[in-house]
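These notes are about the structure you will find just below.
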Amino acid sequence: MEKYQRHGINPLLISIATGQDVEHVSSRPTIAMLPGKYPKLIYKHLKTVNGEFPETIFRLTCAQCGKGGDYDLGTLVVPATVGEDEKRIEKIQALGYFRCKHCNTAGEWILSSRMRTMLAGKMVAAAALNVKNKQSDEVIFGEALIDNDFAPRWGSDAESYFLQKLVETPDNAYFWNRLGNTYYRGKRPELAAVAHEQALVKDMGQVESHFSLGQILFDCGEFEKAAEHLRQAVAFSHQYEHLPAYNLRELIVGALTILFAIYNKSDRKIDMLPKPGELEIAHFTKSEIAATAKLDFDIDPNRRETFYPLAEVYLGSRRIGLPPEKRSLLVRNSKANWPVASKVNKQKPSKKNKSRKKR
């Protein structure tokens, strides 16, 4: 048996992504069957991705085949309402994504009495930390909702929600993006890559998927590929409507922060800012593209707010959605969507500087 099968892949994911009838897809797919450029590459680096999520190993019994196994439940979300521990345990949400190692089904699990005792212990420990204004790495209190009304018990329940949406609308890039986010939170970045690549096939301007792929590829040490997607996230941000302006700016600042790190790690060989060709694809006008050669901002990688003005430049008219007191750039009127700064701030030194170095 291929080692990858221990992690489990939903045949329906491959069916929708490739257009095959699900009956023609293996009931136990392997990594080799995943479509896209990045899943196999990312799978080789699983240990270096998703480091922000805890490892929460528990032994579960599959209700379908009756066999047990150890699974990583990831982050546990516990109801914040006061009640008996036993009832709260029944409503615990596990964000990790896993399928049965034996039959590849998901979503129906039997919790042993030992596991219930261990979960109760983790809840008590997390509550004690909350009293001290600290937070547990494994347990958070609250409720994880999808679209404000669906609370998935397991990561595979969240997957099923979005896969059903995609069965009905397979060309919906936004649903593909959200499915990718589900896999990423579930600590399955190789599956996240499948979904995010599909999102970009449907809509090359899906900013969140560009950012997510860039982040994953950066963690894998694939700096060139990561920078390509992160620059496109920046370039397409001026026309992206799926996020409020404030959240969109934060995402672009995140992209610029990683790009700045890549720029330095590559000895300034990998461009930090979108190239003219990338801006043209993102529907920038010639005057806007020319203006990017005149950007000059002081960036301090240790101060996130120093990236805000640069991010707002690329947000264009979308930054009008920011509250006035939150803006870093002045917006003179609603038609002004491209501020022009005074000097060149590109990755290569100006000709004037080059001539000085030769002397």
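The values are calculated or read from the model by the stated rules, or taken from the named source; none is laboratory data. A quick note: this is a predicted structure, and the numbers were derived from the prediction, not measured. Counting neighbours? That spans all protein chains shown, and the Cβs are built from the backbone with ideal geometry, glycine included.
Go over the candidates TYR161, TYR184 one by one and state the one that is surrounded by 16 or more Cβ atoms within 10 Å (Cβ to Cβ), free of Cβ contacts under 8 Å to residues at least 24 places away in the same chain and not β-branched (Val, Ile, Thr). It is TYR161. Scanning for something closer than 23 Å to PRO309 by Cα and touching a Leu at 6+ places or on another chain (Cβ under 9 Å), does region 194-207 turn up at least one residue? For region 194-207, residues closer than 23 Å to PRO309 by Cα and touching a Leu at 6+ places or on another chain (Cβ under 9 Å): present. Being buried (at least 19 other Cβ atoms within 10 Å of the Cβ), in contact (Cβ under 8 Å) with a residue 24 or more places away in the chain and basic (Lys, Arg) is a description that applies to ARG99.
Restricting region 265-293 to residues that are assigned to a helix (DSSP H, G or I) and either β-branched (Val, Ile, Thr) or touching a strand residue (DSSP E or B) at 6+ places or on another chain (Cβ under 6 Å) (or both), which is surrounded by the most Cβ atoms within 10 Å (Cβ to Cβ)? Selected residue: THR292. Determine if region 48-70 includes at least one residue that is assigned to a strand (DSSP E or B), among the aliphatic types (A, V, I, L, M) and under 27 Å from ILE146 (Cβ atoms). Yes, region 48-70 contains at least one residue that is assigned to a strand (DSSP E or B), among the aliphatic types (A, V, I, L, M) and under 27 Å from ILE146 (Cβ atoms).
Within region 136-159, the presence of a residue that is touching a helix residue (DSSP H, G or I) at 6+ places or on another chain (Cβ under 7 Å) and under 21 Å from LEU256 (Cβ atoms) is excluded. Kindly evaluate ILE262 against the criterion of being among the β-branched types (Val, Ile, Thr), buried (at least 18 other Cβ atoms within 10 Å of the Cβ) and within 27 Å of GLY180 (Cα to Cα). Yes, satisfied. Scanning region 26-33 for any residue that is within 14 Å of TYR183 (Cα to Cα), out of contact with any Cys (no Cβ under 7 Å at 6 or more places or on another chain) and not polar (S, T, N, Q) turns up nothing. Scanning region 51-63 for residues that are surrounded by fewer than 19 Cβ atoms within 10 Å (Cβ to Cβ) and either aromatic (Phe, Trp, Tyr) or touching a Pro at 6+ places or on another chain (Cβ under 6 Å) (or both) yields one hit, PHE53. Scan region 9-35 for residues that are over 11 Å from VAL194 (Cα atoms) and either charged (D, E, K, R) or not in a helix (DSSP H, G or I) (or both) and the total you get is 12. Step by step: first the residues of region 88-117, then only those that are among the aliphatic types (A, V, I, L, M) and in a loop (DSSP other than H, G, I, E, B), then the one that is farthest from ASN181 (Cα to Cα). Which residue is that? The selected residue is LEU111.
Residues considered: LEU41, LEU46, LEU34, LEU111. Of these, the only one that is surrounded by fewer than 20 Cβ atoms within 10 Å (Cβ to Cβ), modelled with pLDDT of 95 or more and among the aliphatic types (A, V, I, L, M) is LEU41. Scanning region 125-158 for residues that are free of Cβ contacts under 8 Å to residues at least 24 places away in the same chain and over 30 Å from LEU13 (Cα atoms) turns up ALA125, ALA127, ALA128, LEU129, ASN130, VAL131, LYS132, ASN133, LYS134, GLN135, SER136.
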